[in-house]
Amino acid sequence: MSLLEVQGIARAFGGVQALQEVSFAVETGQIHAVIGPNGAGKTTLFNIISGLLRPHAGRITFLGRDITALPPHRISRAGIARTFQTLALFENMTVLENVMVGRHLRSHSGAVAAALRLPRQLHEEKRIREAALGYLSSVGLFSKAEAPVSALSFGQRRLVELARALATEPRLLLLDEPASGLNPRETDDLAQLIRRVRDDSVTVLLVEHDMSMVMDISDEILVLHYGRPIASGSPAEIRADPEVIAIYLGGEFTGAAC
Amino acid sequence: MNTGKTAAGILLLTLLAVAVQVGASVSGRDYYLTQLTMAAYTAAVVMGLSLLVGYTGQISLGHAGFVAIGAYTSAFLSTAPLAHASGTALGKSLLRFHVLASRPELYGDGTVVSLAPGLAFLAGLLLAGLVAVGIGYPALRLHGHYLAMATLGFGLIVYRLVLGTAFLGAADGISSVPPLPILPGVACTGEPGQRIANYYIAAGFTLMVLLFLLNLTDSRTGRALRAIHGSERAAAATGIDTAAYKLKVFVLSAILAAAAGGLLTFYRGSIGPSDAGAMKSVRYVAMVAAGGMASVWGALVVGFVLTFLSLRGCFGSFDDAVFGVVLIVIMSFTPEGPFGPLRTLVVRFRARRRPALANGESEKEIPRVVA
């Protein structure tokens, strides 16, 4: 059984058909990339998988369970975490607090326990903090824990989002253009990090424009063009696919990857 | 975790409250305690609203409506005569178990039987909670300013209802509300002999609300609320049930407003429609904003001081205008509230002492604690 199965997804915005007949499966333990030119429907696809948008047709199953109509917090609880292309950090909090929010699903204390400062709640709060610091260390931001997120560089802010998503202990991590806005060196570090995440048995589904990174780290690639899948396969297969080269990648692709 | 800091703050505030009472009593200005008591209850409303507006980012423009629900339910149920109750066996046993209470008739020598004040008070909290669910459930499932619209309408409706309802006293309101017994010999009432006791009842209530809210905001729940304010879609994608949290906070702040309204009514012995006015709701929001939005302490200090000055008549006939001016001045010069610049200084000072935590960027950029 595949970890995530997307079957016949369609979504329109007004008269624009953003996605149609999109079907693919993500296997456990892989890095799966979705590529395509701007407007191909990649972010729409992510928003549908993570529950922020409803599809107009189609079905999504995760671990064999239909998650198509679930609200985002239930999908998150099912084990899917995500980052956003346009960052969505909690600007009113410190770096550490942002990641601590990621532990929400992994903790239970309610308002009454918090108001009365019950020992159980204090203990849990300590564990949340320690776990969050651990995730911050794993993305190399331990020293920024107490800083407000507004004080970080763009690349660091991306990493805070990644740490927050990892803190939910997902089975599947959706990364929406994680390398956009990063310099080549940061992109290399990110590729390493994504591999490490995969090796920690978190399956990764990413949307990305940086072709060399995609070709470098992906096990499987899906190509979208105007909302339709036109090819899928290993990086080598995609590189050799005449349709992909003709319609979308052209010369730029060979130059970047080979 | 700021448990130590919270405890120190509460302790300091308690000492300050005692010092003010002793100062007022020694200098023969006991009458100040009346306005201080009323200001404390209002500050509790403002603190509850700051949890909703400042932390969660949802605006209520009808909180005077919830204050009025608490106040009018307490006043009506504790004064409405249940004429035949004292005659029946059931009525007698209800009296014995303090479900009903009797008091001497105001004009005459008989007695009047009504619902016990304590139960009338609780009924007010329950009603406010139910109404908040009714308004909040549909409005908070949507993103955007639907709650502001819905509560604005709600506040106006409550005002017209209490003004036009005969059994709620119409324009006169309800007076001669009986005392609310708290401990043997101590009651929430405006009797001059109980003035100092009532000052401490109000201070105790407000300090409890403060402690509750400080602990709540510094917890998993508090982070979830601030996350909703920061980015609702990111909060949802991180596993936070945003609609449920928003509704719970709205209901909580409505119940706090009703509790303060009920206690204030027992203290004053009366309630009138002016307390349900739309301008009152605007004032509550203005005081939250002036306190720095997401700051329980700011809400307490600003809510308390401004209400006290207003009740002392310091603003004369410009009363409502002063709240507007305060709002404009604070928004223009220190949008983080009067305590914002102070906090920035502390952060800078710490950054200088611990350079390891502050790189060049974070020193240049002044941390904004409030969105």
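The values are calculated or read from the model by the stated rules, or taken from the named source; none is laboratory data. Just so it is clear, the model here is predicted, and its values are computed rather than measured. For neighbour counting, all protein chains shown are included, and Cβ atoms are generated from backbone atoms with ideal geometry for every residue, glycine included. SASA here: full protein model, heavy atoms, side chains in, ligands and nucleic acids out. Shrake-Rupley method; radii C 1.70, N 1.55, O 1.52, S 1.80 Å.
If you roll a 1.4 angstrom probe over the protein chains with everything in place, what fraction of the accessible area of segment A:92-169 belongs to carbon and sulfur, to the nearest %? The computed percentage sits at 60.
If you look at the Cα atoms of the protein assembly as shown, you get an Rg and a Dmax of 29.4, 103 Å. Between amide H atoms placed 1.01 Å from N, distances below 5 Å from B:Leu100 occur with B:Leu95, B:Ala116, all of them 5 or more places distant or on a separate chain.
If you put +1 on each Lys and Arg Cβ and -1 on each Asp and Glu Cβ, how big is the dipole of chain A around its Cα centre, in Debye rounded to 20?
Numbers: 26 positive and 28 negative charges, 234 e Å.
About 1120 debye.
Averaging the Cα positions of each part gives two centres, and for segment B:67-115 and segment B:143-164 these lie 31 Å apart.
Looking at the protein assembly as shown, the DSSP beta bridges with both ends there are about 65 percent antiparallel. For the pair A:Leu122 and A:Ile247 in one chain, pulling the backbone fully straight at 0.36 nm per residue adds 39.2 nm over the alpha carbon distance. In this label model, A:Glu130 and B:Ile157 are separated by 5.1 nm, measuring between points 7 Å along each Cα→Cβ vector.
Each Lys and Arg contributes +1 and each Asp and Glu -1, all at the Cβ; summed about the Cα centre of chain B, the dipole is approximately 1040 debye. For the pair A and B, the buried accessible area comes to roughly 3400 Å² in total, with a 1.4 Å probe and the value rounded to the nearest 100. In plain terms, chain B is cut at each of the GluC sites (Glu not before Pro) found in a DSSP loop with at most 14 other Cβ atoms within 10 Å, and the longest leftover piece is B:106-364. For a quick check of your reading of the filter: which chymotrypsin sites (Phe, Trp or Tyr not before Pro) in segment A:89-181 sit in a DSSP loop and have no more than 16 other Cβ atoms within 10 Å? Here no loop site has a sparse enough neighbourhood. Computed from phi, the 3J(HN,Hα) profile of segment A:168-178 under the Karplus parametrisation 6.51, -1.76, 1.60 (θ = phi - 60°) reads 7, 6, x, 8, 10, 10, 9, 10, 9, 6, x Hz, with x in place of Gly and Pro. Look at where the Cα atoms of segment A:1-25 and of segment A:154-216 average out, and the two centres are 23 Å apart. Close amide-amide hydrogen proximity is noted between A:His225 and A:Ile230, each under 5 Å apart and 5 or more residues distant or on a separate chain (H modeled in the peptide plane; Pro and chain starts excluded). Computed on protein heavy atoms with a 1.4 Å probe, the accessible areas place A:Val160, B:Val329 in the order B:Val329, A:Val160, largest first. Calculated FRET efficiency, A:His56 to B:Val186, Cβ-Cβ distance, R0 = 51 Å: about 0.20 to the nearest 0.05.
Its Kirkwood hydrodynamic radius, worked out from the mean inverse distance over all distinct Cα pairs, puts chain B at 21.9 Å. Largest to smallest in accessible area, the residues A:Ser143, B:Ser78 fall in the order A:Ser143, B:Ser78 (1.4 Å probe, all protein chains included). The accessible surface of chain B, taken with every protein chain in place and a 1.4 Å probe, is 69 percent carbon and sulfur. Placing a label point 7 Å from the Cα of B:Ala7 along the Cα-to-Cβ direction, the residues of segment A:85-124 whose backbone N falls under 18 Å from that point are A:114-124. Which residues of segment A:51-77 show a drop of at least 20 Å² in accessible area when all protein chains are present, compared with their chain alone (probe radius 1.4 Å, heavy atoms only, ligands and nucleic acids excluded)? Buried by 20 Å² or more upon assembly, which counts only protein chains, are A:Leu52, A:Pro72, A:His73, A:Ser76. What you get for the protein assembly as shown, charging only the Cβ of Lys and Arg (+1) and of Asp and Glu (-1), is a dipole of about 1560 debye around the Cα centre. Report the Cα centroid-to-centroid distance between segment B:18-44 and segment A:100-147 in angstrom, as an integer. Here the two parts' Cα centres lie 40 Å apart.
On full extension, the segment bounded by A:Ser23 and A:Val112 gains 27.5 nm, given 0.36 nm per residue less the C-alpha separation.
Each of B:Gly110, B:Leu300, A:Ile49 was placed along the dipole of the protein assembly as shown (beta-carbon charges, centred on the mean Cα), and the one lying farthest toward the positive end is B:Gly110. Please give me, ordered by residue number, the trypsin sites (Lys or Arg not before Pro) of segment B:95-165 that lie in loop per DSSP and have at most 15 other Cβ atoms within 10 Å. Of the trypsin sites (Lys or Arg not before Pro), the ones in loops of segment B:95-165 whose Cβ has at most 15 other Cβ atoms within 10 Å are B:Arg141.
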